[in-house]
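Structure first, commentary second.
The values are calculated or read from the model by the stated rules, or taken from the named source; none is laboratory data. Every value quoted in this text rests on a predicted model; they were computed, and no experiment measured them. Using ideal geometry, Cβ is built from the backbone for each residue, glycine included, and neighbour counts are taken over all protein chains shown. In case anyone asks, the SASA skips ligands and DNA or RNA and just uses the protein heavy atoms, side chains included. Shrake-Rupley method; radii C 1.70, N 1.55, O 1.52, S 1.80 Å.
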Amino acid sequence: MKPREHFGSRFAVIAAMAGSAVGLGNIWRFPYILGQYGGAAFVLVYIVASLLVALPIFFAESVIGRRSGTDTFGAMKKLAPGTPWKWAGLLTILSPLLILSYYSVVGGWSVQFLFKALSFNITGDVSESEVVGYFSRFISSTWQPILSHTLFMAMVAGIVLGGIKNGIERFSKVAMPVLLGLILFIVVYSLTLPGSMAGLRYLLKPDFSKLTADAYAAALGQAFFSLSLGVGTVLTYASYVKKEENLVVSGVGTAVSDLVFALVAAFAIMPAVFAAGFEPGSGPGLVFQTLPYIFHKMSQGMPIVSTLVSVAFFLSILAAALTSAISMLEVGVAYLVDQKGMGRRRATLLLSLGVWLLGLLCSLSFGPLSGVKVLGLSFFDLQDALCSNWLMPMGGLVFTLFVGWWMSRADVRDELTNGGTCNVRLFGLVYFLMRYLAPVGIVAVFLSNLFL
Ligand code: TRP
């Protein structure tokens with residue numbers, strides 16, 4: 001058997017892990033959820049939830065991944081031989097594939113909008129209803145979204161086929177800096193629009209009256225999704241991290257990058273929304289309906305500017321979605337390679353095909369299959385609800401309980417401090433958060449999903 005691959009440097013580890021974390025969750029989901037829960041106050045809660053609850057779970061997954069050096073199922077089998085923990089590991093192989101099947105549909109939308117960005121803006125005067133209506137017509141049609149979903153999945157498979165060093169690492173090291181550059185460009189554009197200061201005020205001035213109990217659960221749920229927790233992506237990536245690497249530093253680097261990207265995306269979007277006189281709380285259509293129109297309208301008379309901004313925007317969404325999607329596929333690929341001895345090529349193609357097929361159902365659930373409901377939800381919504389509300393928190397709970405209560409304190413300390421050579425003073429705090437605060441936070445999310 002070939003020796004297992006490793007990420008080449010600290011930058012590579014953080015680029016890949018932050019690549020997984022920074023995705024549609026930051027650019028598409030965070031801004032509209034922020035809009036729904038009233039701006040700055042929500043941001044504060046989100047930051048606290050990310051650092052005190054989500055980050056410790058990230059550490060827990062990293063500890064399991066690097067200590068075992070294998071996939072999620074193998075990791076549990078190795079660290080807790082002869083116990084049922086491995087079944088929990090198996091569950092976390094299925095959930096990222098499930099997530100990928102609908103994530104890829106939205107990733108496909110960004111492919112479509114990237115192509116469309118060019119024609120959208122050069123066609124002179126387009127009314128708001130045309131732009132907004134375009135999205136609804138597009139997602140409810142049959143073939144176009146399927147084609148985009150196919151293109152997106154093909155790109156994901158292409159990168160994962162390359163392996164850790166030549167695929168995932170190489171792509172993430174280029175995509176992440178490009179992504180940052182593109183978004184900063186949009187921030188500058190957005191802040192120079194007349195009337196954008198209202199958006200800035202909205203992001204900076206907290207309105208605590210909007211913070212309902214619901215908002216806390218939403219913040220924690222968002223932090224979970226955004227850091228890719230609970231489904232083995234962090235664990236799997238950590239299994240490719242070298243023994244000398246400092247896990248606390250790369251974890252903090254990832255969480256901070258994730259926060260920064262979410263905030264920068266909000267600063268790119270909200271000022272433009274306010275400048276154009278739109279509602280910040282308009283929901284999931286914000287990025288695909290409101291923004292294309294805003295870019296068009298605010299650059300009146302200068303089609304080249306609106307084209308540039310739109311292309312930059314959808315390219316950034318595509319890059320962010322790709323670096324996340326590859327991490328979801330890698331969880332299953334690692335399992336087939338490590339446990340079943342399958343070649344990477346076969347494993348990647350097999351899983352991509354399965355995910356692609358399942359994605360077809362999600363894609364069609366906006367159009368021809370929109371009448372088909374399970375438990376009152378379309379396939380797309382059902383998968384999202386199942387994953388975000390149940391599988392992810394459940395996986396997170398399994399990982400923190402495993403590290404906080406099953407593994408010995410000495411082993412956890414050994415892994416997080418690299419045998420007592422670093423982070424020694426921080427260890428007590430991190431361990432406390434992993435053992436107590438994180439599980440309590442997750443249970444709170446569960447309860448709120450049940451009762452709110
Ligand atoms: N964190 C990514 C985002 O914000 C999405 C993502 C990647 C993810 N891997 C995941 C979500 C695993 C859940 C589970 O878009």
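Mind pulling the angle between the C-alpha long axis of helix 438-451 and the longest principal axis of the chain? Nearest 10 degrees, somewhere in 0 to 90.
For 438-451 against the chain, the angle is about 50 degrees.
Accessible area per residue of region 64-150 at 1.4 Å probe, in Å²?
On the way: 3420 Å² over 87 residues.
Each residue of region 64-150 exposes 39 Å² on average to a 1.4 Å probe.
List the relative contact order of region 230-369 as a percent without decimals, with contacts defined as Cα pairs under 8 Å and 6+ residues apart.
21 percent
Only Cα pairs under 8 Å and at least 6 apart count here; give the relative contact order of the chain as a rounded whole percent.
Normalised by residue count, the contact order of the chain is 35 percent.
Go through HIS296, HIS6 and list them by solvent-accessible area, largest first, probe radius 1.4 Å.
HIS6, HIS296
Got a sec? What order do LEU291, LEU369, LEU349 fall in by accessible area at 1.4 Å, biggest, i.e. largest, first?
LEU349, LEU369, LEU291
Against the longest principal axis of the chain, how steep is helix 40-49, in degrees 0 to 90 to the nearest 10, with axes from Cα atoms?
20 degrees
Return one whole number: the accessible area per residue of region 295-452 in Å², for a 1.4 Å probe.
It amounts to 44 Å² per residue over region 295-452.
In region 350-452, which trypsin sites (Lys or Arg not before Pro) fall in coil by DSSP and have 10 or fewer other Cβ atoms within 10 Å?
ARG425
With the cut-off at 1.5 for a/c, could you classify region 321-362 from its C-alpha gyration tensor as rounded, prolate or oblate?
oblate
Which value at 222 nm does the chain reach when only helices count, each DSSP H run of 4 or more adding -39,500 (n - 2.57), with the total divided by all residues and rounded to the nearest 500 deg cm²/dmol? Show your work: numbers first, answer last.
On the way: 21 runs with 312 residues, N = 452.
It comes out at -22500 deg cm²/dmol, rounded to the nearest 500.
Quick one: grab the alpha carbon gyration tensor of region 317-452, order the square roots of its eigenvalues as a ≥ b ≥ c, and give me rounded if a/c is under 1.5, else prolate or oblate depending on whether a/b is larger than b/c.
Since a/c reaches 1.5 but b/c is at least a/b, the shape of region 317-452 is classed as oblate.
Of all GluC sites (Glu not before Pro) in region 242-336, which ones are in loop regions per DSSP and have a Cβ with at most 11 other Cβ atoms within 10 Å? Can you show the working numbers first?
Details: sites: GLU244, GLU245, GLU330; in loops: GLU244, GLU245.
Hits after loop and neighbour filter: GLU244.
For region 66-137, give the percent of accessible area contributed by carbon and sulfur heavy atoms, probe 1.4 Å, rounded to a whole number.
67 percent
Counting only protein heavy atoms and a 1.4 Å probe, tell me what percentage of region 283-405's accessible area is made up of carbon and sulfur.
70 percent
For helix 143-161, report the angle its Cα long axis makes with the longest principal axis of the Cα atoms of the chain; keep it between 0 and 90° and round to the nearest 10°.
Compared with the principal axis, the helix lies near 40 degrees.
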